[in-house]
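What follows is calculated from the coordinates using simple rules that are stated; it is not laboratory data. Keep in mind it's a predicted model, so treat the numbers as computed, not measured. Every residue, glycine among them, receives a Cβ derived from its backbone with ideal geometry; neighbour counts consider all protein chains shown.
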């Protein structure tokens, strides 16, 4: 069986290379039917056995053995022909993420109409909601960049933040503006049935803990959720290209998410790319190339969004400015550990999930 799998992988690799080299691609070549797309945002080196980024565990351990050229994107794609699972590294930030997902969605080599999508990455985590290393499945993704902003040193003293929604003149002014307008899409509501299904499938997973994590958590003695060992939860993501942190910014995030979700969302994780990922998928869904109801969003906590009492935001930034996050390794591990059972379940039981999205209401 291993030999047959390797020979098959090589054969597919040669076939895909020939397909990519064709100018233009042969009209007779049938596109690959993809079951799951694993979306990550960065990788440190070359998917090799070194210090991993978000993608290395998928490439080596899932595995995704076949490398496919993707010059229109950030890095080559990787593919598992047996499970029909495709992996992409979008690049960091909203611009790269949107461009990469759009490029993949329009790539004629792949049929993505029934594919499930799972963004599995690391991010900041709110110590009021969860602990380092914890993994949150999002029901909502909210944009934190599209807004007016007044420098905090110039804002009125009664304001809690200088960030104001477009078409409003004070923070969190009611009613909240429309979620989608010419200003952009401020919030995305994911398929709650699918997200809850993924959560139910993974909620009992034991996530690793160690002395370093326990020591980092111990500094947050007045925040019970921050003291818990890593766990799986449902929790929403706020995205921004600015790497923000601090108690006041966390307070803003805890208000910004429910403001744009009409009270339905709760801020748990901070990240960069998720709203761009969903923006591209939204456009591709309107073009009939993907099914937006099959999108998942998973973030694991590599660092807290605010310092413990007695430490300033500037001191926290100084300790993390070079990427020295308190739980970088556990967050990388848990993004794979929590995401991979969902990918395997979908891909290995395709007859069950090809036409019926799990968690759908009968």
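Based on the convex hull around the alpha carbon atoms, the chain presents an average projected area of 19.9 nm². Take every Cα pair under 8 Å whose residues are at least 6 apart in sequence, average their separation, divide by the length of segment 135-198, and the relative contact order is 40 percent. Under the shape rule built on the C-alpha gyration tensor, where the axes satisfy a ≥ b ≥ c, segment 244-350 is oblate, since a/c reaches at least 1.5 while a/b does not exceed b/c. Fewest neighbouring Cβ atoms within 10 Å first, the residues 350, 117, 137 line up as 350, 117, 137.
With contacts taken as Cα pairs under 8 Å at a separation of at least 6 residues, the chain carries a relative contact order of 24 percent.
The orientation-averaged shadow of the Cα convex hull for segment 315-362, equal to a quarter of the hull surface, comes to 5.5 nm². For segment 37-177, rounded, prolate or oblate, judged on the Cα gyration tensor with a ≥ b ≥ c (square roots of eigenvalues), a/c < 1.5 rounded, else prolate if a/b > b/c? Judged from the Cα gyration tensor, segment 37-177 comes out prolate (a/c at least 1.5, a/b above b/c). As a proxy for reagent exposure, 286, 168 were ordered by neighbouring Cβ count within 10 angstrom, fewest first; the result is 286, 168. Applying 1/(1 + (r/R0)^6) with R0 = 22 Å to the Cβ-Cβ distance of residue 196 and residue 350, what FRET efficiency is obtained, to the nearest 0.05? With R0 = 22 Å, the Cβ-Cβ based efficiency is 0.55. Treating each Cα of segment 103-167 as one equal point scatterer and applying the Debye formula with no solvent, the log10 of I(q)/I(0) at q = 0.13, 0.23 Å⁻¹ comes out as -0.71, -1.05.
Using C-alpha pairs under 8 Å with a sequence gap of at least 6, the mean separation divided by the residue count of segment 133-244 gives a relative contact order of 44 percent.
Mind running the shape call on segment 142-281? Use the C-alpha gyration tensor, a ≥ b ≥ c as the square roots of the eigenvalues: rounded below 1.5 for a/c, prolate if a/b tops b/c, oblate otherwise. Oblate shape, in that a/c is at least 1.5 and b/c is the bigger or equal ratio.
Mind ordering 80-88, 341-349, 118-126 by average Cβ neighbours within 10 Å, highest first?
118-126, 80-88, 341-349
Packing-based ranking of 265-277, 169-181 yields 265-277, 169-181, ordered from highest to lowest mean Cβ neighbour count within 10 Å.
Once the Cβ-Cβ distance of residue 82 and residue 44 is raised to the sixth power relative to R0 = 25 Å, the FRET efficiency obtained is 0.40.
Separation of segment 90-125 and segment 286-343, taken as the distance between their Cα centroids, equals 17 angstrom. DSSP bridge analysis restricted to the chain gives an antiparallel fraction near 40%, rounded to the nearest 5.
Note on segment 142-218: Cα-only Rg and Dmax are 19.4, 49 Å. The label-point distance for residue 114 and residue 167, in a model that sets each label 7 Å from Cα toward Cβ, rounds to 4.0 nm.
Counting other Cβ atoms within 10 Å as a rough exposure proxy, the listed residues 316, 281 run 316, 281 from fewest neighbours to most. In the chain, helices alone account for a calculated mean residue ellipticity at 222 nm of -10000 deg cm²/dmol, with every DSSP H run of four or more residues adding -39,500 (n - 2.57).
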